[in-house]
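Below you'll find the structure, written out as structure tokens, and then a few comments.
Every number in this text was worked out from the coordinates using simple rules, so none of it is lab data. Keep in mind it's a predicted model, so treat the numbers as computed, not measured. Heads up, the Cβs are rebuilt from the backbone with ideal geometry, glycines too, and the neighbour counts pull from every protein chain shown.
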Amino acid sequence: MPYVIIVIVVVVVLVLLALGVRVVRPTHRGLVERLGKYNRYANPGFHLIVPFIERMFKVDIREMLVEAQPQMIITNDNLNARVDAQVYLKVKADEMNVKASQYNVTNYENQIVNLARTTLRNIIGTLTLKSANSERGKINSELRSTLLSETANWGIEILRTELKEIDPPEDVQETMNKVVKAENEKVAAVDFATATETQADGQRRAEIKKAEGTKQARILAAEGEAQAIRLVNEAADQYFVGNAQVLRKLEALERSLAQNAKVVVPANSELINVIGDLAGVVPVAPKPVVNTTPVRR
């Protein structure tokens, strides 16, 4: 009989121990209450509690996503916009904040949803639909700032907020698409005109460069010819002496007589000296010769 009692006691103790075993994962933290009053904080690992007297509440400290349900918001330009947002948050891992997430707020996830929806209505209600779509970063920043200040004693941290969509009514969306299409076509036309003008400018510059090149080539050719003439004259003056110079003078005389010119040759003319030089005789200064051909009336 005593052995039976001992066995029963051992079994009861083992059952109680089994009922009191608690294991806290690294992703969670525990709060132990004794008879409805907070008793101690449980870090990750193995823990024992007194069954039926103590209770452990596990709190997830991982980052979580909370969906703010889509809602219709009237913008400042009196348009209905369908707005949807997401909030990323987590419970801070220290004892004070874990306790605050359980004792200072009832179901903080639902509270965040309602708070985010209200904040979005206040922010987007002051903006036009166009500015709301173009200032998403500003809206996200204001939403996160408001949530941080409102949840300061909830023991949670608002990591970031994201606007999923801001959709206008279908008729407004269609009109906006037409406007965007027209603007794109206008930009394309301007780009085409600019490209055509650029191409024309390029052709004009090429023609100008070509003309400048031709002009420069002609100038260089003329300078070359002038240089050649100068060199020939210098060579003639330097090397063509004596009879060569006499022949030059005779050529001038021949060109003059070929046109039946009437020439008065003075007695001391160099032409007589030229002829004399060619004939090998000493010229005699003749009397002046006067043209006596009667003039026809």
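What list do you get for Tyr103, Tyr3, Tyr108, Tyr88 if you sort them by fewest beta carbons within 10 Å? If you can, show how the numbers build up before the last one.
Working: Tyr103 11, Tyr3 7, Tyr108 20, Tyr88 15.
Fewest-to-most Cβ neighbours within 10 Å comes out as Tyr3, Tyr103, Tyr88, Tyr108.
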Check: C-alpha center the range 86-162 vs C-alpha center the range 30-75, spacing in Å is 20 Å
Length gained, Glu212-Leu65, 0.36 nm per residue minus C-alpha separation, equals 45.7 nm
With a 23 Å threshold on alpha-carbon distance, the violating pairs from Lys138/Lys178; Lys37/Lys90; Lys92/Lys164; Lys138/Lys164; Lys58/Lys164; Lys130/Lys164 are Lys138/Lys178; Lys37/Lys90; Lys92/Lys164; Lys58/Lys164
Taking N as the number of residues in the range 2-60, the ratio of its alpha carbon radius of gyration to 2.2 N^0.38 Å works out to 1.37
Expected unfolding gain across Tyr38-Val15 under the 0.36 nm per residue rule, minus the alpha-carbon gap, is 5.8 nm
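Please arrange Leu129, Leu147, Leu19 by counting, for each residue, the other beta carbons lying within 10 Å of its beta carbon, fewest first.
Working: Leu129 23, Leu147 20, Leu19 13.
Going from least to most buried by this count: Leu19, Leu147, Leu129.
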